[in-house]
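Colleague: Before we start, here is the structure in question, set down as structure tokens.
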Amino acid sequence: MGDNTGNTNLNIDIVVPCYNEQEMISTFYNVTEEIVSKIENTHFTFIFINDGSNDDSLLIMKGLASTYDNVRYVSFSRNFGKESAILSGLEASSGDYVIVMDSDLQHPPAIIPRMVESVRAGHDCCAGYRADRKGEGRFRSFLSRNFYKFNNKMTNVNMPYNATDFRIMCRKAVDAIISLPEVQRFSKGIFAWVGFDTEWIPFENVERPAGKSKWSTTGLFKYAMDALLSFSMFPLKILVTMGSIFSAIAMIFAVYELIKTLVIGKETPGYASTIIVILFIGGILEISLGIIGEYIGRIFTEIKHRPVYIVKETNVEKQDEGPDKETH
Ligand code: UDP
Ligand code: MG
């Protein structure tokens, strides 16, 4: 990317997933537009994704679209989740670069100029990470920090601790992400998996000005499971290793018992130890089946090849390249 020097005109799309964000969308647009309109030699287009909101989010998007000509919206038939909304925004985009960011201003638009500078300087992508976790419980940040450490060890993708999905990406990276066919999408992992040279810049964590976070503790747990299971076979490898160790122990034990019976003769005590071993092995088997079941469940969902999202209405004009732009 050597042609992005300051005076090349860049078309940049901003993809914004929104779920029940009626309090935030207009403010988000005004604050962000104010900042990006000052970046020289760029043209920004906003693509709002209404992820099945049951408040007035769509009405507000439509209002913005009729007032400003750089606003597009895509509205889903129901809530498909943020990951699906991101994919849909990337598919609807056509800019040289695409920014993905939250609608609640927790991803500060103030660093967009810095991100644009970064890609102009030759980076393929530039992504934000949180410099701190203000406004988040200690326990939650502890879990999250250790989860990233663990996940990076277990999988072959590397996500910096505190990585967010606030980022700008070049067209090639966007096309690569769109080309990944999986239905269960873990964006942070996918961004890391496709590679491309990424500059990471820190930003201060800000609290949500209005509306509320859509994450529950169970939601976060599911997210963590997705992260691990969609990029790693490691849990299965642990099972194989454990299985081998236990089989080896059992063999040694069997030989020992056999010799003992032959030499000393029959001996009845040993009930407690037998039960303990049976229960222990039973437990391990159950966990193993559970883990295998998780993978099978995922395979089941993938092979159905259902679309990642369904669009009900949009003002994004269909692009000529690619027949399947609307639903994927
Ligand atoms: N979001 C979405 N679909 C969902 C949940 C969330 O599009 O099912 C959007 C939400 O509107 C926001 C972004 O994803 O723009 C981040 O959500 P949230 O602020 O709830 O997450 P947090 O910042 O607490 O991690
Ligand atoms: Mg948020």
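Colleague: For the stretch 202-209, indicate whether the set of residues that are acidic (Asp, Glu) and within 16 Å of ligand 2 (Cβ to nearest atom) is non-empty. Step through it out loud before you land on a result.
Modeller: So the first thing to find is which residues in the stretch 202-209 are acidic (Asp, Glu), and the list is 204, 207.
Those left that are additionally within 16 Å of ligand 2 (Cβ to nearest atom): 204, 207.
Looking through the stretch 202-209, at least one residue is acidic (Asp, Glu) and within 16 Å of ligand 2 (Cβ to nearest atom).
Colleague: Of all residues being closer than 23 Å to ILE310 by Cβ and within 16 Å of ligand 2 (Cβ to nearest atom) in the stretch 80-106, which is surrounded by the fewest Cβ atoms within 10 Å (Cβ to Cβ)? Just the residue, please. Walk me through it before giving the result.
Modeller: As a first pass, look at the stretch 80-106 and keep what is closer than 23 Å to ILE310 by Cβ: 80-94, 98, 100, 102-103.
From what is left, the residues that are within 16 Å of ligand 2 (Cβ to nearest atom) are 81-83, 85-86, 100, 102-103.
Values: GLY81: 20, LYS82: 21, GLU83: 22, ALA85: 27, ILE86: 25, VAL100: 28, ASP102: 18, SER103: 22.
Checking each candidate, the answer is ASP102.
Colleague: Given the options ILE190, ILE178, ILE168, name the one that is part of a strand (DSSP E or B) and either in contact (Cβ under 8 Å) with a residue 12 or more places away in the chain or loosely packed, with under 15 Cβ neighbours inside 10 Å (or both). Don't jump to the end; show me each part of the working.
Modeller: On the way: ILE190 fails: part of a strand (DSSP E or B); ILE178 fails: part of a strand (DSSP E or B).
Answer to the check: ILE168.
Colleague: Has the stretch 255-269 got any residue that is out of contact with any strand residue (DSSP E or B) (no Cβ under 7 Å at 6 or more places or on another chain), at pLDDT below 75 and either of a type in the set (S, T, N, Q) or surrounded by 10 or more Cβ atoms within 10 Å (Cβ to Cβ) (or both)?
Modeller: Within the stretch 255-269, one or more residues are out of contact with any strand residue (DSSP E or B) (no Cβ under 7 Å at 6 or more places or on another chain), at pLDDT below 75 and either of a type in the set (S, T, N, Q) or surrounded by 10 or more Cβ atoms within 10 Å (Cβ to Cβ) (or both).
Colleague: Considering only the stretch 17-28, I want to know if a residue exists there that is under 26 Å from the mean Cα position of the chain (by Cα), β-branched (Val, Ile, Thr) and either in a loop (DSSP other than H, G, I, E, B) or over 16 Å from GLY211 (Cβ atoms) (or both). Steps first, please.
Modeller: First, pick out the residues of the stretch 17-28 that are under 26 Å from the mean Cα position of the chain (by Cα): 17-28.
From the residues that got through so far, the ones that are β-branched (Val, Ile, Thr) too are 25, 27.
If we keep only those that are either in a loop (DSSP other than H, G, I, E, B) or over 16 Å from GLY211 (Cβ atoms) (or both) too, we end up with none.
No, the conditions are met nowhere in the stretch 17-28.
Colleague: Of (1) of a type in the set (S, T, N, Q); (2) within 30 Å of ASP124 (Cβ to Cβ); (3) surrounded by fewer than 17 Cβ atoms within 10 Å (Cβ to Cβ), SER232 satisfies all except one. Which?
Modeller: (3)
Colleague: Could you check the stretch 63-103 and list, in sequence order, the residues that are touching a residue at least 40 places away in the same chain (Cβ under 8 Å), away from ligand 1 (no atom under 13 Å from the Cβ) and in a helix (DSSP H, G or I)?
Modeller: Within the stretch 63-103, ALA65, LEU90, GLU91, ALA92 meet the criteria.
Colleague: Select, from ALA210, ALA248, the only residue that is outside any helix (DSSP H, G or I) and loosely packed, with under 12 Cβ neighbours inside 10 Å. Steps first, answer last, please.
Modeller: Details: ALA248 fails: outside any helix (DSSP H, G or I).
One residue alone meets the criteria, ALA210.
Colleague: For the stretch 214-241, enumerate the residues that are within 15 Å of ligand 1 (Cβ to nearest atom), in contact (Cβ under 8 Å) with a residue 12 or more places away in the chain and part of a loop (DSSP other than H, G, I, E, B).
Modeller: LYS214
Colleague: Of the residues in the stretch 19-55, how many are touching a residue at least 60 places away in the same chain (Cβ under 8 Å), over 30 Å from ARG78 (Cα atoms) and charged (D, E, K, R)?
Modeller: So the count comes out to 1.
Colleague: Continuing with this model, one more query. If you go through the stretch 42-49 one residue at a time, do you hit one that is outside any strand (DSSP E or B), surrounded by 21 or more Cβ atoms within 10 Å (Cβ to Cβ) and within 16 Å of ligand 2 (Cβ to nearest atom)? It would help to see each step written out before you state the result.
Modeller: Keep residues of the stretch 42-49 that are outside any strand (DSSP E or B), which gives none.
Scanning the stretch 42-49, I find no residue that is outside any strand (DSSP E or B), surrounded by 21 or more Cβ atoms within 10 Å (Cβ to Cβ) and within 16 Å of ligand 2 (Cβ to nearest atom), so the answer is no.
Colleague: Take the stretch 34-62 and flag every residue that is small (Gly, Ala, Ser) and within 16 Å of ligand 1 (Cβ to nearest atom). Can you show your working first?
Modeller: Let us first name the residues in the stretch 34-62 that are small (Gly, Ala, Ser), namely 37, 52-53, 57.
Matches in the stretch 34-62: GLY52, SER53, SER57.
Colleague: Oh, and also: If I filter the stretch 126-135 for residues that are closer than 19 Å to ARG167 by Cβ, more than 16 Å from ligand 2 (Cβ to nearest atom) and at pLDDT 90 or above, do I get at least one hit?
Modeller: Checked the stretch 126-135: at least one residue is closer than 19 Å to ARG167 by Cβ, more than 16 Å from ligand 2 (Cβ to nearest atom) and at pLDDT 90 or above.
The values are calculated or read from the model by the stated rules, or taken from the named source; none is laboratory data. Keep in mind the model is a prediction, meaning the values are calculated, not measured. Note: ideal-geometry Cβ built from the backbone for every residue, glycine included; neighbour counts use all protein chains shown.
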